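Enquirer: Just passing along the structure, written as structure tokens.
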Amino acid sequence: MGPQQDRSRSRSTANGGGAVAARKAAAVQYRECQRNHAASIGGYAVDGCREFMASGAEGTAAALLCAACACHRSFHRREQVAAEPDCDCSSTTSA
């Protein structure tokens, strides 16, 4: 029974279970829209939307549409936001 338990543990970490937890820690923001509205006629034109704003509540289909330009969230540039540290490092004590 011991080797079976070890195999199940290695399988859960091998399929990316630990990577999912690390991925959720980093916050994501969606910036300017990069959708080419003139692609069908061979040109290039963007709408000028500067930041994604969800049209609906989180977890609904409307949350994936931008309220400003009505584009899907995938057209907006994705930006990783660095997580802030948990400690207060603003102390100015000198040694």
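All of the numbers you see were taken from the coordinates with simple rules; none came from a lab. Here the structure is a predicted model, which is why all the values come from computation and not from measurement.
Enquirer: Please turn the phi angles of the range 76-82 into ³J(HN,Hα) values with the Karplus equation 6.51 cos²θ - 1.76 cosθ + 1.60 (θ = phi - 60°), one per residue in order, whole Hz, x for glycine and proline.
Expert: The phi angles translate into 8, 5, 8, 10, 7, 9, 5 Hz.
Enquirer: Under 5 Å between amide hydrogens, which residues at least 5 positions from ALA54 or on another chain qualify, with H placed 1.01 Å from N in the peptide plane?
Expert: It is ALA67, by chain and number.
Enquirer: To continue, here is another question. Would you grab the residues whose amide H sits under 5 Å from the one on CYS49? Only those 5+ places off in sequence or on another chain, please, with H modelled 1.01 Å from N.
Expert: Amide H neighbours of CYS49: CYS33.
Enquirer: Let me ask something additional. Relative to the present Cα-Cα distance, how much length would full extension add between SER55 and GLU32 at 0.36 nm per residue of separation?
Expert: Between SER55 and GLU32, full extension yields an extra 6.7 nm.
Enquirer: If the convex hull of the alpha-carbon atoms of the range 35-82 is projected onto planes in all directions, what is the mean projected area in square nanometres?
Expert: Average projection, Cα convex hull of the range 35-82: 4.1 nm².
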